[in-house]
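Okay, structure first, notes after.
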Amino acid sequence: MSFKATPRESGAVTVIDVSGRITLGEGSSMLREMLRDLLNKGQKRIILNLADVNYIDSSGIGELVSGYTTVKNQGGELKLLHLTKRVHDLLQITRLFTVFDVQSDERAAIASFG
Amino acid sequence: MTVPTQRIEVTLETLLDSVELAEEICLRIAGAAGFDEDDCMKIGMSVRESVINAFQYGNGQQREKKIHVTFELLPAKLEITVRDQGPGFNLEDVPDPLAEENLLKTSGRGIFLMRSFMDEFAVRPSRQGGAEVVMAKRYPGSRTADPGSRSTQDKEEPS
């Protein structure tokens, strides 16, 4: 399944529904551009809904890290929602599970922004 | 019964498309060799990461350079070799991506993933020049059994 990212607003929070593979090339760069656009528009509360992301490689992991630090450096927050087992396991072994704010319920994720 | 070694060699151009191609070929071979879906994903991703390294760092995205990938169905394991035409590198020089100071780096996790997902992993200088990554995954039935034999399931021929 090819990469797709669709943003939607939920109050002051932007939820990006991501599907497909986040890998070197198209997926990684599209996600980066979307996050940059949102930040430029002043939207700094962002949730990446990864429920339909079934594959992510080291470049994709790097892109999540890049997104996290970029948003954080601009005073915002990036949270991850609905990790698939594969993505969960990858973040676990790379110790990034402790870095990201990982949520399993969208309402709770939205409410968790300070 | 001894299963003869089967060897498949692929020569790829230094292109982004080669990454996908190498992974796709690998998934077919690993599936035919009897690995389950989870192991196939791990083996495929290891090949993907290795070819990405060859594409980006080894061959420096120079299309005229080649990436050689060899799959060998040995009696107890699938061994994969990825060779580039770059300057080579020392494994000891690769930073630990799990170290606190490297956690937020946006790259440098490929080798860690290969090491995590495969049973054997080594990097050596190639006789033809460049780096040669050699990694292997033991067949499901041979992880705890006699390493010289393959289970019935493992005797399926690659399609």
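Read-outs throughout are calculated quantities, based only on the coordinates presented, and are distinct from any laboratory measurement. Quick caveat: nothing in here was measured; it's all calculated off a predicted structure. We place every Cβ from the backbone using ideal geometry, glycine too, and count neighbours over all the protein chains shown.
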(Q) I want to check a number: in chain B, how many lysine pairs have alpha carbons closer than 22 Å, given a sequence separation of 8 or more or different chains? (A) 6
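Net charge near A:Gly75, counting Lys/Arg +1 and Asp/Glu -1 over other residues with Cβ under 12 Å of its Cβ? Show your work: numbers first, answer last.
Numbers: positive: A:Lys44, A:Arg45, A:Lys72; negative: A:Glu77.
So the environment of A:Gly75 carries a net charge of +2.
What average count of beta carbons from other chains do you get within 10 Å of the Cβ of residues in A:85-96? Numbers along the way, then the final one.
Numbers: counts 1, 4, 0, 0, 3, 4, 0, 0, 6, 7, 6, 5.
Going residue by residue through A:85-96 and averaging, the value is 3.
Let me confirm one metric for peptide A:51-61, namely the mean number of other chain beta-carbon atoms within 10 Å of its residues' beta-carbons. If you can, show how the numbers build up before the last one.
Details: counts 0, 0, 0, 1, 5, 1, 10, 15, 9, 0, 6.
What the average comes to for A:51-61 is 4.
Rounded, prolate or oblate for chain A? Axes are the square roots of the Cα gyration tensor eigenvalues, ordered a ≥ b ≥ c, and the cut-off for rounded is a/c under 1.5.
Details: a/c = 1.42, a/b = 1.23, b/c = 1.16.
Taking the square roots of the gyration eigenvalues as a ≥ b ≥ c, chain A is rounded.
What is the antiparallel percent of DSSP beta bridges lying wholly in the stretch A:4-104, to the nearest 5? Intermediate results must be reported in sequence, preceding the final value.
Values: 7 of 23 bridges.
If we restrict to bridges inside the stretch A:4-104, about 30 percent are antiparallel.
Pull up the DSSP beta bridges for the protein assembly as shown and report the antiparallel fraction as a percent, rounded to 5.
If we restrict to bridges inside the protein assembly as shown, about 70 percent are antiparallel.
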Q.
Highest mean first, how do B:92-98, A:73-79 rank when packing is the count of other Cβ atoms within 10 Å averaged over residues?
A. A:73-79, B:92-98
Q: On a C-alpha basis, how far is the centre of the stretch A:1-65 from the centre of the stretch B:29-71 in Å? Whole number, if you could?
A: 25 Å
Q: Identify all aspartates and glutamates with a Cα-Cα distance to A:Lys72 below 19 Å; exclude those on the same chain that are fewer than 8 residues away in sequence.
A: A:Glu33, A:Asp37, A:Glu63, A:Asp101, B:Glu100, B:Glu101
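Over the stretch B:6-155, calculate the relative contact order: mean separation of alpha carbon pairs under 8 Å at least 6 apart, over the residue count, as a percent. Each step should come with its number before you reach the end.
Working: 274 pairs, mean separation 38.6, N = 150.
This gives 26 percent for the stretch B:6-155.
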Q.
Inside 10 Å of the C-beta atoms of B:48-55, what's the mean count of C-beta atoms belonging to other chains?
A. 2
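Kindly provide the trypsin sites (Lys or Arg not before Pro) of the stretch B:5-110 that DSSP labels as loop, not H, G, I, E or B, and whose Cβ sees at most 15 other Cβ atoms within 10 Å.
Working: sites: B:Arg7, B:Arg28, B:Lys42, B:Arg48, B:Arg63, B:Lys65, B:Lys66, B:Lys77, B:Arg83, B:Lys105, B:Arg109; in loops: B:Arg63, B:Lys65, B:Lys105, B:Arg109.
Passing sites in the stretch B:5-110 are B:Arg63, B:Lys105.
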(Q) Can you find, among B:Gly88, A:Ile22, A:Met34, the residue sitting farthest towards the positive end of the charge dipole of the protein assembly as shown, where Lys and Arg contribute +1 and Asp and Glu -1 at Cβ? (A) A:Met34
(Q) Could you give each residue of the stretch B:56-68 its phi-based ³J(HN,Hα) in whole Hz, using Karplus coefficients 6.51, -1.76, 1.60 with θ = phi - 60°, and x for Gly or Pro? (A) 7, 9, x, 8, x, 6, 8, 4, 6, 7, 10, 10, 9
